[in-house]
Each structure stands twice: as C-alpha cells, then as structure tokens.
Amino acid sequence: MVKSNFHSNDITDPKNFGDSYWQENLSQFTDCNTTPIKSVDVLIIGSGYTGLHAALITARADRTTQVIEANNPGSGCSTRNGGQISPSIKLSLTELSKKYGAEKALAIRKEGYTSLEWIEEFVKAEDIDCDFQRNGRFHAAHTPQHFKKLVQEAEQLSKEEKFPSVVITRAEQHNELGTNTYHGGVIFSRNGMLHPAKYHAGLLRVAQQAGVVITGNCPAENIKHNGDVFVVSTPKGEILAKKIIIATNGYTTDLVPWLKRRIIPVGSYMIATEPLPKSVMDRLFPKNRGVVDTCKIVYYYRPSPDRTRVLFGGRVSANETNPSISGPLLKRDMCRIFPELESYKFTHSWSGTVAFSFDKLMHIGQREGIHYAMGYCGSGIAMASYLGMRLGQQSLGERIGSTAFDNLKFQTIPFYTGQPWFLPAMVRWYRWRDQRQIKLATKNYNY
Ligand SMILES: Cc1cc2nc3c(=O)[nH]c(=O)nc-3n(C[C@H](O)[C@H](O)[C@H](O)COP(=O)(O)OP(=O)(O)OC[C@H]3O[C@@H](n4cnc5c(N)ncnc54)[C@H](O)[C@@H]3O)c2cc1C
C-alpha cells in the first residue's frame, strides 16, 4: 500500500485524486464500446495527438482508418498535460551541430518552429475551440548564473534562428510573475498555451468527421505479419491491416519490444488549486503567460484558461508515485514560489507518463513495415501533432511527409528493456543539485 502525505486541509475533494482538471465539464467520448473494423487500410494504435493526427491524414486520403485505444480515447498524456506550447526541441543548435553538422542541426531546430506555427494554423483551420493563445512563455532563472545563461541563449536564438525573446531582469520580474524566488528570466514570445483536453476533443471530432473509426478499451495485444497484411489481436477480435502506426509514446509496451527498448517512460505530475480571488491571480500572473524554470527537474505552471486557478506541474519524487502523494509535494513546491498560496487548497492532483529518448530527440520512422513517432521528451503538444500529421503522410508513401528526424539513429543502451532503473538515482541527484543551487542563490542574493 502507498503511504499518503495528504493533509485534509490541503485538498477540497479527495475524490479528484487522479482526475485531471482539464476533464471537468467535458463530456467523455461515448463510442468506446464499438467493435473495431475487421479489415482496414490503416490501423493506428494509440489515440493521443500523434495517433489522431496520423489518422486524420490517412482517412482524408480515402484509406479506411481504425484507431484503437487501450483505455478511454485520449486517456494518455494528450488530455492531462500542462497545455504549454513550445518548439519542443531540447538540444541547442550548438549541441546538434556537434553531432549532425550545422545544416542538419538547423533543419532539426526548424522543425520545432514549424510545429509551433503549424499547430496554430491547424486549430484555426479546423475551428477547434481550445482556448489557444500565443502570448509567450516566461523562462524563469532560479539562480543568477542561470539568468546569465538564459540571456546568452536567447541572444543566440535570436541571431542564429530568428526566434524572438524579451529579457526580464529581476527588478522587472513582478510585471511578469508575482514572486521573488527567481533571478529574472526571458520571455519567448512565440510560445503559447491551449486547453489540452478541449484540443483533443476537437481533434477527435474532426477525425471522426473525416471517417476515422475510434474504438476505446481495445488494447493491441499482439502483432503478426501474415503475407501482405498485419494481424493484430485485441480483446475485441483480430484486425487485419495493410499498414500499422504505433502512437503510444510514454505508454509503449512490449507490443513492439524494439520500440520499448528505446523509450524511457517518466511520470509527470500536476495539481490545480481551488478558484482563487481575482486580485491574487492578477498579482501572480499579470501577463497571463505560461512559466517554466531553469531547474533540471523542471517546474511548469500557468493560470487556467479562465484565470481562476493555478495549474502547477513538475516531478516531485525520484520514484514513480501516485497523485495522493505527489499532490501535497507539488503544493509545497508551489508555495516556495508563491508563499501566499499556502492558505488555499488544491482540488485536483493527477499524473501522466511522458517518453524520453536516449538522445533527447523525438523519433519518427518505420521498422519492419511498422510506422511510429514518439519520444517527445515531455513537451509534445505541438510536436506530437505535427509529427502525427507527417507520420500519416509517410505511411501513405508521400514525399511531403519527410522530416529532419528521418533516418536519425533511434538509440538504446545495452541491457535496457524499457525499465529505467537508472532514473531514481538521476532524479535524486538533479533534485539535490537544484535545491542546493536555490539555497545558495537565496543566501547570496538576498536583494
Ligand atoms: C502532466 C503532464 C504535463 C505535460 N505538459 C506538457 C506541456 O505543457 N506542453 C507540452 O508540449 N507537452 C506536455 N506534456 C507532454 C504531452 O502531453 C505529450 O508529449 C503528448 O500528449 C504525447 O501525445 P501522444 O499522442 O504521442 O501520446 P499519448 O497522448 O500519451 O497517447 C498514447 C496512447 O497510447 C495508448 N496505448 C498504449 N499502448 C496501447 C496499446 N497496446 N493498444 C492501444 N492503445 C495503447 C495509451 O493508452 C495512450 O492513450 C505533458 C505530459 C504530462 C503527462
């Protein structure tokens, strides 16, 4: 049994442990109990942004398209994330250039920017009501050294990649964020926010209208190759498919062991506060932007789209845990940044599993006839959507589907089978280092 750190005055309604704030007032997808089509052109496994975007492309190209989902459609990360949209590429131009050369490095970085522009065009073109806002993201420095580094990176990004930013000094910080914790930061103005579950629901609607059949509670259990077709076993019967797309990201199982060996599943955790007075929200988030900080074990947070609550996320434990334990720990960390939130409760605490790769890049490709895209390293709203779309095109054999990620080696390490035994030690070490840096910065720079 898991021991809970929960204090009864921390949370208003413990029944919300595990339930994402985003699902509130949204109706559940009701077609879960349908049976899948027996024989299809394209079978897609996983119903998040990657799977549904791929499905939309193949259905619009007149291929019979079936999506199957182990649980309720969208029950993975795509309805439970932080809703912050960014270019998603973790590695800098310099880091990528060392590995792939300058031209390829720039092409990879550009894919990040393309995904960021493309998702906005998609949401507008399909008329998806998902509180999309392109209002920039504040990257907050947790030490003065990190501030200097952020400023250097921002200058380099603007010079070499034309990605706009605005430097905010510590003296100006309260115009951005109601805290004294940070040492300034940088606003990346092209980043934005959306409501992830409304975005997913809109995408489901668009996919269904295009003819995609989506079946929930239907995990793929086995894949066999039989001549020209794949035979996929599910509890709802076998499905014959000419093409298969795997879109399971952090929930990748032994279905394709080759993929599982290349994915590091990592839990990410969030809480939503109870509704807060307008004056508090206006003080804490005067510019209504999403925020991430420079801690290695990063915190990310934002106001809810209606500006009544703080939605606060991060990884609070070295080991995977459950929302009854992560909730109070996240609240403690949130109150370090915003002490005035101490007296407010949180109403929801939830988590999801993201997928890291060993080279910190996302991967798209095909192996033994099975197409896949995954490994968004914790920020995949724009990139999973964009690569899902490209994946659909690649499965149709369209040249337009090619990306800068094609043919990148999808690495693993010896003896790794998908259980990240090294993660708790890594998280513990980085967390200790982050906390030490915060402590030193607070002591040495008591302005
Ligand atoms: C708490 C949290 C906060 C996040 N915040 C952000 C953020 O602010 N910005 C950002 O860009 N990204 C964020 N992310 C990451 C982002 O949500 C993901 O990168 C993105 O949703 C991945 O989409 P996907 O479709 O590839 O995978 P998912 O949405 O996870 O979908 C994979 C699906 O595959 C299904 N599946 C697995 N195996 C099978 C099987 N055998 N048969 C059938 N179905 C199967 C799973 O049930 C799951 O529903 C966050 C994630 C979490 C958990």
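A short reminder: the numbers here are calculations on the coordinates, not readings from a lab. Everything numeric in this text was worked out from a predicted model, so none of it was measured. Here the Cβ is made from the backbone with ideal geometry for all residues, glycine too, and neighbour counts use every protein chain on show.
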Subject >> Residue of 331, 345, 148 that the Gaussian network model of the chain assigns the largest fluctuation, springs spanning Cα pairs under 10 Å >> reply: 148
Original post:
What FRET efficiency, computed as 1/(1 + (r/R0)^6) with R0 = 51 Å and r the Cβ-Cβ distance, is obtained for residue 368 and residue 306, rounded to the nearest 0.05?
Top reply: 0.60
Original post:
So how far, in whole Å, is the C-alpha centre of segment 86-136 from the one of segment 367-440?
Top reply: 15
Original post:
Roughly speaking, what is the stretch gain from residue 436 to residue 340, that is 0.36 nm per residue apart minus the C-alpha to C-alpha distance, in nm to one decimal?
Top reply: 32.2 nm
**OP:** Could you pull out the trypsin sites (Lys or Arg not before Pro) across segment 377-423 that fall in loop regions by DSSP (anything but H, G, I, E, B) with no more than 14 other Cβ atoms inside 10 Å?
**Re:** 409
Subject >> Tensor-based shape of segment 45-84 (alpha-carbon gyration tensor, a/c under 1.5 rounded, otherwise prolate or oblate) >> reply: oblate
**OP:** Give me the distance between the Cα centres of segment 150-208 and segment 238-265, rounded to whole Å.
**Re:** 32
Original post:
What residues from segment 120-136 fall in the zone where the backbone N is under 20 Å from a label point 7 Å along the Cα-to-C-beta line of residue 209?
Top reply: 120-133
Original post:
So how do 34, 294 line up by other beta-carbon neighbours within 10 Å, fewest first?
Top reply: 34, 294
Original post:
What is the extension gain from residue 242 to residue 406, computed as 0.36 nm multiplied by their sequence separation minus the C-alpha to C-alpha distance, in nm to one decimal?
Top reply: 56.9 nm
Original post:
Do the alpha carbons of any pairs in 162/287; 90/443; 260/409 sit beyond 25 Å of each other, and which pairs?
Top reply: 90/443
Original post:
Among 362, 389, which comes first, second and so on when ranked by fewest other beta-carbon atoms within 10 Å?
Top reply: 389, 362
**OP:** Two decimals is fine: what's Rg over Rh for the chain, C-alpha atoms, Kirkwood radius as Rh?
**Re:** 0.96
